[in-house]
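The values are calculated or read from the model by the stated rules, or taken from the named source; none is laboratory data. Quick caveat: nothing in here was measured; it's all calculated off a predicted structure. Note: ideal-geometry Cβ built from the backbone for every residue, glycine included; neighbour counts use all protein chains shown.
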Amino acid sequence: MYAILLSINPIHVDSILNGSKGYEFRKVQCKKKVSKIIIYSTSPVMKIVGEADIEIVLKRSPEDIWKITSEQAGVDKKFFDDYYKGKDFAIAYKLRNVKKYTKVKSLSDYGLITAPQSFAYVNQD
């Protein structure tokens with residue numbers, strides 16, 4: 001199993017950490033089987049602030065993903081529709097065991113120089 005580091009907007013990071021966003025949405029699915037998301041909060045925070053276990057990875061049409069996730073999406077339907085406009089598939093990571101770090105980390109702690117555009121596989125140690 002692998003962990004991935006995701007670059008996430010601070011607004012969505014806050015929603016994940018406070019429990020109002022139970023899914024993280026992506027347009028591209030990882031090729032490797034992943035069990036954990038390392039949360040990198042983008043500008044202006046620019047730090048790794050937490051992590052979450054992945055309960056399940058869903059890959060379906062955007063319409064089906066919305067039906068399944070809407071109550072815990074943490075985003076409204078317009079945002080969701082705009083994000084997946086023109087896409088045949090949507091990826092949704094169901095989050096559990098969300099943990100906010102008491103001491104934030106930097107990208108260099110994971111051997112990275114820059115934040116990934118989509119995701120980066122990282123060592124879980």
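Quick notes on this one:
- Any hit, region 21-31, residues being surrounded by 14 or more Cβ atoms within 10 Å (Cβ to Cβ) and β-branched (Val, Ile, Thr): no
- Of ASP53, ASP14, all but one fail to be of a type in the set (D, E, K, R), within 18 Å of ASP76 (Cα to Cα) and not in a loop (DSSP other than H, G, I, E, B); the exception is ASP14.
- Long-range neighbours under 6 Å by Cβ, at least six apart or interchain, first residue within 9 Å of GLY22 (Cα to Cα) within region 86-101, second among the hydroxyl-bearing types (Ser, Thr, Tyr) and surrounded by 13 or more Cβ atoms within 10 Å (Cβ to Cβ): LYS94/TYR23
- Annotation note: Cβ proximity below 7 Å between a residue of region 1-25 that is small (Gly, Ala, Ser) and a residue that is surrounded by fewer than 20 Cβ atoms within 10 Å (Cβ to Cβ) and in a helix (DSSP H, G or I) (sequence gap 6+ or interchain) occurs for GLY22/GLN72.
- Count of region 28-43 residues which are under 16 Å from ASN9 (Cβ atoms) and either at pLDDT below 95 or assigned to a strand (DSSP E or B) (or both): 5
- Residue list for region 2-11, restricted to those being over 15 Å from LYS36 (Cα atoms) and either among the aliphatic types (A, V, I, L, M) or surrounded by 19 or more Cβ atoms within 10 Å (Cβ to Cβ) (or both): ILE11
- Conditions (1) touching a helix residue (DSSP H, G or I) at 6+ places or on another chain (Cβ under 9 Å); (2) modelled with pLDDT of 95 or more; number of the one not met by VAL57: (1)
- Every residue from region 83-99 that is under 22 Å from GLU71 (Cα atoms) and not aliphatic (A, V, I, L, M): TYR83, TYR84, LYS85, LYS87, ASP88, PHE89, TYR93, LYS94, ARG96, ASN97, LYS99
- Taken over region 49-72, the criterion of being over 19 Å from GLY86 (Cβ atoms), loosely packed, with under 15 Cβ neighbours inside 10 Å and among the small types (Gly, Ala, Ser) is satisfied by SER70 alone.
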